[in-house]
Amino acid sequence: MKKDMTHLPELIETERMIVRVAQPGDGASFNKAILESIEHLKDWLGWVTPPPTESQSEESCRKAYGRFLLNEDLMALFFHKETGEVIGGSGLHNADWDKRQFEVGYWGNSRYSKQGFMTEGVKALVSYALNELKATRVYLTTDERNSASWKLAERAGFVHEGTLRNDRYDMEGNLRNTKVYSVVPSDSQR
């Protein structure tokens with residue numbers, strides 16, 4: 001299939017959230033959510049250390065929107081329908097349009113943890129990828145020690161494919177193990 005036959009989504013609505021591409025003007029709310037959650041994110045996400053400034057977060061949103069317009073990447077923010085606050089973020093990354101494969105990543109605002117928002121949003125993105133983009137595989141990787149991340153993956157229907165030993169460096173520069181998860185179209189038939 002050709003790349004131009006399908007496009008990454010600009011907006012997906014779930015029961016409690018708006019899942020929308022990051023765009024110019026989102027920097028302040030994006031930054032606020034990151035700073036509120038920095039203690040929970042810093043061990044796993046290199047892009048939050050040092051903590052970004054509001055202008056750096058705005059620049060990230062602007063760059064992300066440009067990549068979205070080119071149909072290369074979807075950096076999505078999860079907005080609470082009632083409050084408009086950023087609950088977290090995710091996306092469909094490293095799009096391989098020939099094989100129809102996408103990588104999912106995610107992070108959550110700690111004020112909204114343990115309420116199912118992140119699972120709801122990730123499921124919505126995976127559903128869109130499988131049903132609308134005709135994805136053959138949606139995958140994610142996570143540090144083996146980040147149990148919150150891999151438990152979310154399992155709640156969202158991802159299947160553990162395996163663990164790569166001494167695969168990547170952690171935030172302290174030590175080799176870590178990486179758990180690999182995926183969802184393929186036949187998983188929904190189980």
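For the reader, a short list of remarks on this structure follows.
- Apolar share of the accessible surface for the chain: 49 percent from carbon plus sulfur atoms, 1.4 Å probe.
- Lys/Arg +1, Asp/Glu -1 at C-beta; the chain dipole; positive extreme among Gly121, Gln101, Gly66: Gln101
- Placing +1 on the Cβ of every Lys and Arg and -1 on the Cβ of every Asp and Glu, with nothing else charged, gives the range 48-101 a dipole about its Cα centre of roughly 160 debye.
- Antiparallel content of DSSP bridges confined to the chain, in %, to 5: 90
- Cβ-placed point charges (K, R +1; D, E -1), dipole of the chain about Cα centre in debye, nearest 20: 440
- Summed over the residues of the range 62-190 and divided among them, the accessible surface reaches 51 Å² per residue at a probe radius of 1.4 Å.
- Accessible surface, 1.4 Å probe, highest first, among residues Ile87, Ile38: Ile38, Ile87
- Sum of -39500 (n - 2.57) over DSSP H runs of 4+, divided by residues of the chain (222 nm, nearest 500): -9500 deg cm²/dmol
- Dipole magnitude (debye, nearest 20) for the range 1-100, charges at Cβ of Lys, Arg, Asp, Glu: 300
- Net +/- balance of residues flanking Val86 in space, Cβ distance below 11 Å, scoring K and R +1, D and E -1: 0
- Anchor Lys32: lysines whose Cα lies under 26 Å away (excluding residues fewer than 8 positions away in-chain): Lys42, Lys63, Lys81, Lys114, Lys123, Lys151
- Annotation for the range 104-189: GluC sites (Glu not before Pro) lying in DSSP loop with at most 11 further Cβ atoms inside 10 Å of their Cβ are Glu172.
The values are calculated or read from the model by the stated rules, or taken from the named source; none is laboratory data. Since this is a predicted model, take the numbers as computed values, not measurements. Don't worry about glycine lacking a Cβ; one is built from the backbone with ideal geometry, like all the others, and counts go over all protein chains shown. Surface areas here come from the heavy atoms of the whole protein model, side chains and all, with no ligands, DNA or RNA. Shrake-Rupley method; radii C 1.70, N 1.55, O 1.52, S 1.80 Å.
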